[in-house]
Amino acid sequence: MDSPLIFFAIQFAAAAHSGQYRKGTNVPYLIHPMRAAATLLEAGCPEKLAVAAILHDTVEDCFVTYQQIEALFGAEVADLVRGASEPEKAASWEQRKQHTIELLATAGEDLLLVAIADKIDNIRSIREDIEKRGDHAWTRFRRGREQQRWYYESLAAVFSARLTGAPGAGLATLFRTEVQAVFG
């Protein structure tokens, strides 16, 4: 696929995430949104979803505004980025995660697909870290294994219930498989 918009989004996200790393690692943060976008493209999702996946943490974690995203990538992508962002960090971890679960329970399919690609990469990263570090992997997170289990199993239930057609059902199955690999 020759997509100038995707390559522009990659450049934009690379600049926004410059100097950032995945929590507790030496892996450049940009790898995460790139893997989320790759998941969507490999599933046959449209370009706009991959672009939103590439940009999904730029507002939440960088000095980027929704207005900038809208001006450069359009209102549809900006709306997906907004939907994929957690509420402000002042809320507790539990409140932010509950908000995400409730939002996804009523979200449109495009947002669900961007969100599941993000969460697939997150749970895969957790699984890979556990394979390397064992239970010590949980020390990188604000909440421990049981709270993370609640969150990821709740997400799996929402994704399985809401994503029933192609390509979402396949991604929901993949996500559930990864969650089971991590939590049993």
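Can you pull out the residues in the stretch 145-167 that are β-branched (V, I, T) and in a helix (DSSP H, G or I)? Within the stretch 145-167, V158 is the sole residue that qualifies.
Taking K89, is it in contact with a Phe, Trp or Tyr (Cβ under 6 Å, 6 or more places away or on another chain) and under 29 Å from F183 (Cα atoms)? In short, no. Screening R142 with (1) touching a Ser or Thr at 6+ places or on another chain (Cβ under 6 Å); (2) part of a loop (DSSP other than H, G, I, E, B) gives one miss only, at (1). From (1) assigned to a loop (DSSP other than H, G, I, E, B); (2) more than 16 Å from D121 (Cβ to Cβ), pick out the condition that doesn't hold for C45. Among (1) assigned to a loop (DSSP other than H, G, I, E, B); (2) more than 16 Å from D121 (Cβ to Cβ), the lone unmet condition for C45 is (2). For the stretch 141-180, taking the residues that are free of Cβ contacts under 8 Å to residues at least 60 places away in the same chain and aromatic (F, W, Y), the one that is surrounded by the fewest Cβ atoms within 10 Å (Cβ to Cβ) is identified as W150.
Checking the stretch 66-74 against the condition returns no match, with no residue being of a type in the set (A, V, I, L, M) and not in a helix (DSSP H, G or I). Summed over the stretch 59-83, residues that are surrounded by fewer than 21 Cβ atoms within 10 Å (Cβ to Cβ) and within 13 Å of L5 (Cβ to Cβ) total 3.
Residue check: E146 meets all listed conditions (1) over 17 Å from the mean Cα position of the chain (by Cα); (2) under 19 Å from L40 (Cα atoms); (3) modelled with pLDDT of 95 or more but one, namely (2).
Within the stretch 101-128, being over 11 Å from the mean Cα position of the chain (by Cα) and of a type outside the set (A, V, I, L, M) holds for E102, T106, G108, E109, D110, R124, S125, R127, E128. Within the stretch 93-116, no residue that is surrounded by fewer than 18 Cβ atoms within 10 Å (Cβ to Cβ) sits with its Cβ atom under 7 Å from a residue that is of a type in the set (D, E, K, R) and modelled with pLDDT of 95 or more at 6+ positions apart or across chains.
Here's a check for you: in the stretch 65-102, which residue that is among the hydroxyl-bearing types (S, T, Y) and more than 22 Å from S160 (Cβ to Cβ) is modelled with the lowest pLDDT?
Here is the first cut: in the stretch 65-102, the residues among the hydroxyl-bearing types (S, T, Y) are 65-66, 85, 92, 100.
If we keep only those that are more than 22 Å from S160 (Cβ to Cβ) too, we end up with 65-66, 85, 92.
Working: T65: 94, Y66: 95, S85: 88, S92: 92.
The residue in question is S85.
All told, I126 meets the bar of being more than 21 Å from C45 (Cβ to Cβ) and either surrounded by 20 or more Cβ atoms within 10 Å (Cβ to Cβ) or touching a Cys at 6+ places or on another chain (Cβ under 7 Å) (or both). Cβ-Cβ contacts under 7 Å between residues 6 or more apart (or on different chains), taken from a first residue in the stretch 128-140 that is modelled with pLDDT under 95 to a second residue that is basic (K, R), are listed as W138/R145; R140/K23.
In the stretch 7-58, which residues are over 17 Å from the mean Cα position of the chain (by Cα) and surrounded by 15 or more Cβ atoms within 10 Å (Cβ to Cβ)? Can you show your working first?
Let us first name the residues in the stretch 7-58 that are over 17 Å from the mean Cα position of the chain (by Cα), namely 7-8, 11-12, 15, 18-19, 24-26, 44.
Correct list: F12 only.
The values are calculated or read from the model by the stated rules, or taken from the named source; none is laboratory data. Everything quoted here is computed from the prediction, not taken from an experiment. Note that each Cβ is placed from the backbone with ideal geometry, even for glycine, and that neighbours are counted across all protein chains shown.
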